[in-house]
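> Following this message is one structure expressed as structure tokens.
Here, each number is a calculation from the coordinates, and none is a lab measurement. Quick caveat, the model's predicted, so the values are computed rather than measured. Cβ: placed from backbone, ideal geometry, glycine included. Neighbour counts: every protein chain shown.
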Protein chains: 2
Amino acid sequence: MPTRSQTQTAVLGALSIHPMTGYAVRENIRDVLGHFWSESFGQIYPTLAELEREGLVERQEPEHPRSAPFSATAAGLEKLRELLREPPQSAKPRNGLLLRLFFGRQLGANECRELIEAARSQAEVQLAELGAERRSLVEQPDLDKDAPFILLTIIAGEHGARATIAWADDALAILDEMLPA
Amino acid sequence: MPTRSQTQTAVLGALSIHPMTGYAVRENIRDVLGHFWSESFGQIYPTLAELEREGLVERQEPEHPRSAPFSATAAGLEKLRELLREPPQSAKPRNGLLLRLFFGRQLGANECRELIEAARSQAEVQLAELGAERRSLVEQPDLDKDAPFILLTIIAGEHGARATIAWADDALAILDEMLPA
DNA sequence: CGCTACATGTAAGGTGTTACATGATTCC
DNA sequence: GGAATCATGTAACACCTTACATGTAGCG
């Protein structure tokens, strides 16, 4: 119920794809889930320790090698399915760009234009990155069972980025029309 | 610099439009900024007290009436402009829906379809609400100076909602194609 | 042999939510 | 007079980030 379990979801989910170290969990969350999820270092290790205590994950060679990967146990996979079935809770919205634009009168139309153009550029970069990710996804042979689901998240990002670009163009036109420089 | 100042930004911004009580600040943030911002009760009152200590806001009739509205001082407006000029920082992404879909193999295609359809419905409701808001915006005479900027945030929400609807349709098609029931 | 990347963890501090507590005013 | 709404605040707790601390392994 608390948001903490969403960290558990992300960590268990990562280990459900294949076993890996805590360090790799962090890199995967950053690089693969990065466009819609984030976890910090200080969350991942305590969560792994907690999951190990509860028997939901285990390490290959108990103790010795410092780099023994964690893997999800059967109970862990069951727990993951249970967590995934809970209603999705998204973070409270906090869009710093829109907050600035809402009070844009104080900021001035020109500074607003700059903010919008910066957001547009960023969205174009993201669109290119996600396109590359999508193309490389179809070449991965080992993920075929997960691929359709991963694809859903990539195209969500692409739709979002294209919406940002279209919005930016509309927004700049509105400023030009209503507040000519 | 800390995120705390973004709460200051929202509160000062609300008071920059017109004076109001803390209670009204909260209602306005929820109802007007709601689709891209949120602040909780426990943030707003301490922030108002802090702003008052710093001379950035003041109450009309000092002390007596419990319902004396706060208003931004000249220093408060200056501070607001300063805060607005700081680079926008958005919350770390945490999309519970996409997290579930990414690990959708564990959840099953049918439960994923339900999640996507629910998101689509929600986006349609939001699109309708924002459309109504946009139409009522042009009828407000007292906001004409702020109206162009408010319009930018409304159409941002509309673009986002339309993107969610288009994505949902694509996503359902992908599931039907790659994982026929 | 030194630098970078891998690997694990802790502690402090900041942010934000929730629940609780209190009272005035207004409307029925 | 009672219920809903307006109004203000606090305290406990959950959450998350950052910086620090430590050590190993591999590579040039």
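> Please enumerate the residues belonging to segment B:35-45 that are at the interface with another protein chain (Cβ under 8 Å from one of its Cβ atoms) and either more than 6 Å from DNA strand C (Cβ to nearest atom) or in a helix (DSSP H, G or I) (or both). It would help to see each step written out before you state the result.
We begin by selecting, within segment B:35-45, every residue at the interface with another protein chain (Cβ under 8 Å from one of its Cβ atoms); these are B:35-38.
Hits for segment B:35-45 are B:HIS35, B:PHE36, B:TRP37.
> Looking at B:GLU177, B:GLU139, which one is without any contact (Cβ under 8 Å) to a residue 60 or more places away in the chain and more than 19 Å from A:GLU177 (Cα to Cα)?
B:GLU177
> Search segment A:66-91 for residues being out of contact with any helix residue (DSSP H, G or I) (no Cβ under 7 Å at 6 or more places or on another chain) and within 16 Å of DNA strand C (Cβ to nearest atom), and hand back the single one that is nearest to A:SER38 (Cα to Cα).
The extreme case among them is A:ALA91.
> Let me ask you something else. Based on this model, can you work out whether B:ALA75 counts as over 23 Å from B:ALA168 (Cβ atoms), more than 23 Å from the chain's Cα centre (by Cα) and in a helix (DSSP H, G or I)? Even if it seems obvious, please write down each step before you answer.
Numbers: over 23 Å from B:ALA168 (Cβ atoms): yes; more than 23 Å from the chain's Cα centre (by Cα): yes; in a helix (DSSP H, G or I): yes.
When the stated conditions are applied, B:ALA75 passes them.
> Among the numbered criteria (1) at the interface with chain A (Cβ under 7 Å from one of its Cβ atoms); (2) in contact (Cβ under 8 Å) with a residue 12 or more places away in the chain, which single criterion is violated by B:GLU133?
So B:GLU133 meets the others, but not (1).
> Quick check on segment A:90-110: of everything there that is assigned to a helix (DSSP H, G or I) and more than 7 Å from chain B (Cβ to nearest Cβ), which residue is farthest from DNA strand D (Cβ to nearest atom)? Walk me through how you get there before you give the answer.
In the first step, residues of segment A:90-110 are kept if they are assigned to a helix (DSSP H, G or I); the result is A:96-102, A:104-107, A:109-110.
With more than 7 Å from chain B (Cβ to nearest Cβ) added as a condition, the list becomes A:109-110.
Working: A:ALA109: 31, A:ASN110: 30 Å.
Residue satisfying both the conditions and the ranking: A:ALA109.
> Within segment A:29-40, can you find the residues that are surrounded by fewer than 19 Cβ atoms within 10 Å (Cβ to Cβ) and not aliphatic (A, V, I, L, M)?
Passing the criteria: A:ARG30, A:ASP31, A:GLY34, A:SER38, A:SER40.
> Of these, B:THR164, B:THR153, which one is surrounded by 14 or more Cβ atoms within 10 Å (Cβ to Cβ), over 15 Å from the mean Cα position of the chain (by Cα) and among the β-branched types (Val, Ile, Thr)?
Checking each option against the conditions leaves just B:THR164.
> Does B:ILE17 qualify as being of a type in the set (A, V, I, L, M), within 11 Å of DNA strand C (Cβ to nearest atom), under 16 Å from B:ALA72 (Cα atoms) and crowded, with 17+ Cβ neighbours inside 10 Å?
Spelling it out, it is not the case that B:ILE17 is of a type in the set (A, V, I, L, M), within 11 Å of DNA strand C (Cβ to nearest atom), under 16 Å from B:ALA72 (Cα atoms) and crowded, with 17+ Cβ neighbours inside 10 Å.
> Please determine, by comparing only the residues of segment A:86-111 that are under 22 Å from the mean Cα position of the chain (by Cα) and of a type in the set (Gly, Ala, Ser), which one is farthest from B:GLY96 (Cα to Cα).
Ranking the candidates gives A:GLY96 first.
> Exactly one condition in (1) within 13 Å of DNA strand D (Cβ to nearest atom); (2) within 27 Å of A:LEU137 (Cβ to Cβ) is false for A:ASN28; which is it?
(1)
> If you don't mind, another one. Just to check your reading of the model, which residue among A:ALA74, A:ALA68 is more than 11 Å from every other protein chain (Cβ to nearest Cβ) and in contact (Cβ under 8 Å) with a residue 40 or more places away in the chain?
A:ALA68
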